[in-house]
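We did not get these values from a lab; they are worked out from the coordinates using the rules stated. Source: prediction; values computed, not measured. Don't worry about glycine lacking a Cβ; one is built from the backbone with ideal geometry, like all the others, and counts go over all protein chains shown.
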Amino acid sequence: MNVRAWEWGTVMPSYEYVCGDCKKEFMIFLSLKEREANPKVSCPHCGSDKVNKKFTAFFAKTDRKS
Ligand SMILES: [Zn+2]
């Protein structure tokens, strides 16, 4: 078996934002390197850069509701 496990650095943390203009929420994925570069985030819906970060989550989060 040669199963490639997820390694740290390949997992893409997701960042949730809410737009200050159109109030829509969106999520972006940035690698840690990209995050360190402090990129400018703009709303994919209206293009506004007045976005507010909601919280940091991880792509591999589990959501179990039984
Ligand atoms: Zn917007």
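Just a few scattered comments:
- Neighbourhood net charge (14 Å Cβ-Cβ; Lys/Arg +1, Asp/Glu -1) for residue 39: +1
- Distant-in-sequence amide contacts of residue 24, defined by a placed amide H-H separation under 5 Å and a gap of 5 or more residues or a different chain, comprise 19.
- For residue 54, nonlocal amide neighbours, meaning residues 5 or more places apart or on other chains whose placed amide H falls under 5 Å from its own, are 16, 17, 18.
- Overall form of segment 11-53 per C-alpha gyration tensor (a/c, 1.5; a/b vs b/c): prolate
- Order of 41, 51 - criterion: other Cβ atoms within 10 Å of each residue's Cβ, fewest first: 41, 51
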